[in-house]
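Read-outs throughout are calculated quantities, based only on the coordinates presented, and are distinct from any laboratory measurement. What you see is a predicted model; the values in this text were computed from it and never measured. Cβ: placed from backbone, ideal geometry, glycine included. Neighbour counts: every protein chain shown.
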Amino acid sequence: MGNQVEKLTHLSYKEVPTADPTGMDRDDGPRIGVSYIFSNDDEDVEPQPPPQGLDGGGSGLPDGGDGPSLPPPQPYDPRLHEVECSVFYRDECIYQKSFAPGSAALSTYTPENLLNKCRPGDLVEFVSQAQYPHWAVYVGNFQVVHLNRLEVSNSFLTDASQGRRGRVVNDLYRYKPLSPSAVVRNALAHVGAKERELSWRNSESFAAWCRYGKREFKIGGELRIGKQPYRLQIQLSAQRSHTLEFQSLEDLIMEKRRNDQIGRAAVLQELATHLHPAEPDEGDSDAARTTPPPGRPQAPGLEAEDRETVVH
């Protein structure tokens, strides 16, 4: 059936009742639906690999020191390890990670050098190969506030990095930010919150909420009924991309972070295996099933079979 919905096999989740998260939102509208707890969560639940060197490489020997030595660590290169993607709410682009030629926005720095680039209210992202990206809010005095292992804590930036390289990511989301002082207040007001007191699924959602104040970043912050309004557009090549659909920004962020954790090569291989088991012949209709490059809204009349829908 042409309209049959196909679920991605790697998404494993269960339904739980949605609670109205507490926080600083002033919108008293109803929040109806269900919240989905994914079995594979981010670094706040899943154990992370041991901290790596400043260049993002691994250690030279496996645990215990037995067996052959591993290849020497390679410098962390976002273009090799990260997935180029855009996020759309209906036809509006609300997030974009692009490696366009000449762009230095995603360059990474050692924690010590990153301190020289941070200003209070900035969003900071720590990245390393095969790890979930870790987000934090810089609050001044060399310190950040971040959600780590189910608790909001105040740490020195160098400690929060755990040896990973980092960057300022104020421009990834395209929402209008709050004032720097308001961002810092939002972050500091939740220091010490843990477990059931939390309204965010991961460090990115918490940090982004502090900066933009939008309840969409909170657990159960949106309706989950009707057509999926969010689209994650993954860039496969210079001219081809693939689109996944979601009912909430919360769920989309979970998938985007999973892609960052498994890495670009694994994501491309997964999509190639799952969606296109064989290369289409020239003239095959499948060859035209591509979506616009990031930054260009998708045509409103695109047929449903040109996208893969992920139901949440």
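A few points about this structure:
- Estimated at 0.36 nm per residue, the fully extended path between R196 and F142 surpasses their Cα-Cα distance by 16.6 nm.
- Using the Cβ-Cβ distance between Y109 and A189 with R0 = 25 Å, the FRET efficiency computed as 1/(1 + (r/R0)^6) comes to roughly 0.30.
- Long-range HN-HN contacts of D122 with modeled amide H, under 5 Å: Y138
- Fully extended contour minus Cα-Cα distance, from S237 to R174, at 0.36 nm per residue: 20.3 nm
- Long-range amide H partners of Q247 with built H, under 5 Å: H312
- Dividing the convex hull volume of the alpha carbon atoms of segment 120-198 by its residue count gives 101 Å³ per residue.
- Cross-link pairs K97/K176; K97/K194; K218/K256 - those with Cα-Cα distance over 26 Å: K97/K194
- Highest mean first, the peptides 140-149, 178-187, 113-122 sorted by other C-beta atoms within 10 Å per residue fall in the order 140-149, 178-187, 113-122.
- Projected area averaged over orientations for segment 224-264, convex hull of C-alpha atoms, nm²: 3.1
- For S241, nonlocal amide neighbours, meaning residues 5 or more places apart or on other chains whose placed amide H falls under 5 Å from its own, are L236, T291.
- Three-way shape call for segment 74-180 based on the alpha-carbon gyration tensor, with the a/c threshold at 1.5: oblate
- Diffusion constant of segment 160-282 at 37 °C, which comes from Stokes-Einstein with the Kirkwood Cα-pair radius and 0.692 mPa s, µm²/s: 193
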